[in-house]
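Following: one structure in structure tokens, then a few remarks.
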Amino acid sequence: MRKLSMPTMFAYGLGQAAEGVKNQAFNVFLLFYYQQVIGIPGTLAGLALGIAMVFDAITDPVAGVISDRVRTRWGRRHPFMFFSAFPLVICFVALFSPPDGLEEFGHFIWLTAFAILVRGALTFYYVPHLALGAELAQDYHQRSTLFALSTVFSITAMAAVSFIGYRYFFP
């Protein structure tokens, strides 16, 4: 059994930061932003995020099956991780940048659409990323270390999002 190098483990762990950024932004700032800043009612904002979660519950297993079955010269997981990164960033920025002049229902549609797109793009990154970790480390202890390091990167990203959000966007 081969032992993973520390740079490989750090590179894998760093990939977990994407989920930490998304989770913290969704959990801490998204409802506040759409309710207090944009002005849509909490029921519509909650409905939009609920619709996105249902969509996510469907796409997670689909992404897993697809990434399990695809074979490329870069492997099964890397193409999904690579090609989902750019749409994830674009959709995440768009989620927090609705156009001016939308009415309440327009903001609801914007939130729903971009919450679905962010969750979908993250799914096609995150599900293959998790599967890659299980494939990289075949030893129980090394896999535990790899996923613990991922958790550290995720929590660090979550703290950074909170700090930046409260310091620069919502002082």
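The values are calculated or read from the model by the stated rules, or taken from the named source; none is laboratory data. The structure displayed is predicted, hence computed values, not measured ones. Cβ placement follows ideal geometry from the backbone for every residue including glycine, while neighbour counts extend to all protein chains displayed. Surface areas here come from the heavy atoms of the whole protein model, side chains and all, with no ligands, DNA or RNA. Shrake-Rupley method; radii C 1.70, N 1.55, O 1.52, S 1.80 Å.
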Expressed as a fraction of 2.2 N^0.38 Å, the rule-of-thumb size for a compact globular protein of N residues, what is the C-alpha radius of gyration of segment 1-75?
1.60
Any helix of the chain counts here only if DSSP assigns it H throughout, its Cα atoms span 15 Å or more along the axis, and its mean Kyte-Doolittle hydropathy is at least 0.5, and such helices are 42-69, 78-95, 104-136, 140-164
Over segment 14-171, what is the relative contact order in percent, taking alpha-carbon pairs closer than 8 angstrom and at least six residues apart?
42 percent
Solvent-accessible area per residue for segment 87-171 (1.4 angstrom probe, square angstrom):
54 Å²
If Rh is defined by the Kirkwood formula over all Cα pairs and Rg also comes from Cα, what ratio Rg/Rh do you get for the chain?
1.02
Dipole of the chain (Lys/Arg Cβ +1, Asp/Glu Cβ -1, origin at the Cα centre): which of 42, 101, 133 lies farthest to the positive side?
133
Is it possible to state the helix-based mean residue ellipticity at 222 nm for the chain, with each DSSP H run of 4+ residues giving -39500 (n - 2.57), the sum divided by total residues, to the nearest 500 deg cm²/dmol? What is it?
-24500 deg cm²/dmol
Given charges at beta-carbon only (K, R positive; D, E negative), |dipole| of the chain in Debye:
780 debye
Per-residue accessible area, 1.4 Å probe, largest first, puts 3, 22 in the order 3, 22
At most 16 other Cβ within 10 Å, DSSP loop - trypsin sites (Lys or Arg not before Pro), segment 70-128
71, 73
Can you give me the Cα centroid spacing of segment 132-166 and segment 1-41 in angstrom?
10 Å
As a Kirkwood estimate from alpha-carbon pairs, segment 112-171 has a hydrodynamic radius in angstrom of 13.7 Å
